[in-house]
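The values are calculated or read from the model by the stated rules, or taken from the named source; none is laboratory data. As the structure is a computational prediction, the values presented were derived from the model and not from experiment. As a convention, Cβ positions derive from the backbone with ideal geometry for all residues, glycine included, and neighbour counts pool all protein chains shown.
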């Protein structure tokens, strides 16, 4: 019996290396428009208006994560984090800004994992429980990386800038909970510089979402290689998809030419977000100074464009899904975004005035109308949008 299990393990191990990544070609001028919408791909949509009190006023540029029962949220330059239940009721604050060993200087990312709340402070992470009790902290080298994911009790860090003089610099590294380096992966792209600069050059490509979780497996995408990797239980980076942008790709040379960078990228494509289902790869991309959305049909092996900038909301007739926050990646069957209250009302009123068709249940349609017309005030805390995808 042990020999059989060993044989199966070996076959799975070697299969990881024999897997050929699927190439996906994307030409923004040749994509056929589809009538697919959230009514076809979403199982449900939650709009969660966060309770507004003096002790939990939330600013702009928010970070948030969630699990089945709670939401943790912060914002740029905040002094604490805020814990809500899944209905948006405020519970308590978590952590404090400061210089102490149990305090954070600034927030790069936050995670809600089981009973742990993880705060990334660039040089360290702080871990609290949901009661607000400090549990432990882990320190990292001070460099150009931030924690992009907390998975399998490990921290995946990613470089914000992907072009370096040093070709041995790795885009990703993985640390365990005690702060020991476990893995380095994907060497940076080394190129000739067109202008004298510091050891790192490019800050233009950090507005993409570098990770997503699908079927409990972490996926990462290294910007310049346009490759989506899965990270398996052995911390091996296995190529899964290669995104072929052809002449629309931003090359390392364009990235390095900082002086003329913005003149070059008008006719280039930047894929900012990827989410996955069993038969589709959903994508947001930036082209000609505008956001667009498309999907790759795994069965047809073809890319289609959505009829609107985001994923058209024909589920409840509400706001199209467009994630413009690079830090919000897919979390298994869930994708998410956030609106300031005034923005939610403005967009929602426009949707209601168009009387958009809806394929979802009438209760979902009425829920959206009720929020826009009665329950949300322009000065309230943000409204979260969480979409559960069909699989």
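Restricted to the range 342-391, and to residues that are in contact with a strand residue (DSSP E or B) (Cβ under 6 Å, 6 or more places away or on another chain) and assigned to a helix (DSSP H, G or I), which residue is nearest to residue 73 (Cα to Cα)?
It comes out as 344.
Quick one: is residue 23 out of contact with any helix residue (DSSP H, G or I) (no Cβ under 6 Å at 6 or more places or on another chain), part of a loop (DSSP other than H, G, I, E, B), farther than 30 Å from residue 90 by Cα and modelled with pLDDT of 95 or more?
For residue 23, the condition - out of contact with any helix residue (DSSP H, G or I) (no Cβ under 6 Å at 6 or more places or on another chain), part of a loop (DSSP other than H, G, I, E, B), farther than 30 Å from residue 90 by Cα and modelled with pLDDT of 95 or more - is not met.
Within the range 74-118, how many residues are within 20 Å of the chain's Cα centre (by Cα) and touching a residue at least 60 places away in the same chain (Cβ under 8 Å)?
Count: 1.
Condition check ((1) surrounded by 19 or more Cβ atoms within 10 Å (Cβ to Cβ); (2) under 16 Å from residue 27 (Cα atoms)) across all residues:
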| residue | (1), (2) |
| --- | --- |
| 250 | yes, yes |
| 253 | no, no |
| 261 | no, no |
| 266 | no, yes |
| 279 | no, no |
| 284 | yes, yes |
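Checking residue 355 against (1) over 30 Å from residue 250 (Cα atoms); (2) under 21 Å from the mean Cα position of the chain (by Cα); (3) at pLDDT below 95, which test does it fail?
(2)
Taking the range 309-329 on its own, how many of its residues are touching a strand residue (DSSP E or B) at 6+ places or on another chain (Cβ under 9 Å) and under 18 Å from residue 365 (Cβ atoms)? Can you show your working first?
Taking the range 309-329 first, the residues touching a strand residue (DSSP E or B) at 6+ places or on another chain (Cβ under 9 Å) are 309-313, 315-316, 318-329.
Still in the running and under 18 Å from residue 365 (Cβ atoms): 311-313, 315-316, 318-321.
So the answer is 9.
Hey, among 48, 58, which residue is assigned to a loop (DSSP other than H, G, I, E, B), in contact (Cβ under 8 Å) with a residue 24 or more places away in the chain and surrounded by 13 or more Cβ atoms within 10 Å (Cβ to Cβ)? Walk me through how you get there before you give the answer.
Numbers: 48 fails: assigned to a loop (DSSP other than H, G, I, E, B).
On inspection, the qualifying residue turns out to be 58.
In the range 139-154, what count of residues is obtained for those that are without any contact (Cβ under 8 Å) to a residue 24 or more places away in the chain and in contact with a strand residue (DSSP E or B) (Cβ under 9 Å, 6 or more places away or on another chain)?
Matching residues across the range 139-154 total 2.
Here are some residues: 390, 350. Which one is surrounded by fewer than 19 Cβ atoms within 10 Å (Cβ to Cβ), more than 26 Å from residue 146 (Cβ to Cβ) and free of Cβ contacts under 8 Å to residues at least 12 places away in the same chain?
Working: 390 fails: free of Cβ contacts under 8 Å to residues at least 12 places away in the same chain.
Within the list 390, 350, the selection yields 350.
Condition (residue is surrounded by fewer than 19 Cβ atoms within 10 Å (Cβ to Cβ), more than 21 Å from residue 236 (Cβ to Cβ) and modelled with pLDDT of 60 or more) applied to the range 194-205: is it met by at least one residue?
For the range 194-205, residues surrounded by fewer than 19 Cβ atoms within 10 Å (Cβ to Cβ), more than 21 Å from residue 236 (Cβ to Cβ) and modelled with pLDDT of 60 or more: absent.
Check every one of the strands (runs of 3 or more DSSP E) wholly within the range 257-336 and list those with 1 or more residues that are closer than 24 Å to residue 227 by Cβ and over 20 Å from the mean Cα position of the chain (by Cα). Spell out how you get there, then give the answer.
Values: elements: 269-276, 280-287, 290-297, 302-305.
Where strands (runs of 3 or more DSSP E) fall fully within the range 257-336 and carry at least 1 residues being closer than 24 Å to residue 227 by Cβ and over 20 Å from the mean Cα position of the chain (by Cα), they are 290-297, 302-305.
Can you tell me which residue among 211, 228, 189 is under 22 Å from residue 23 (Cα atoms) and modelled with pLDDT under 75? First the steps, then the outcome.
Values: 211 fails: modelled with pLDDT under 75; 228 fails: modelled with pLDDT under 75.
Result: 189 is the single residue among 211, 228, 189 that is under 22 Å from residue 23 (Cα atoms) and modelled with pLDDT under 75.
Determine which member of the set 102, 92 is in a loop (DSSP other than H, G, I, E, B) and touching a strand residue (DSSP E or B) at 6+ places or on another chain (Cβ under 7 Å). Walk me through how you get there before you give the answer.
Working: 92 fails: in a loop (DSSP other than H, G, I, E, B).
Answer to the selection: 102.
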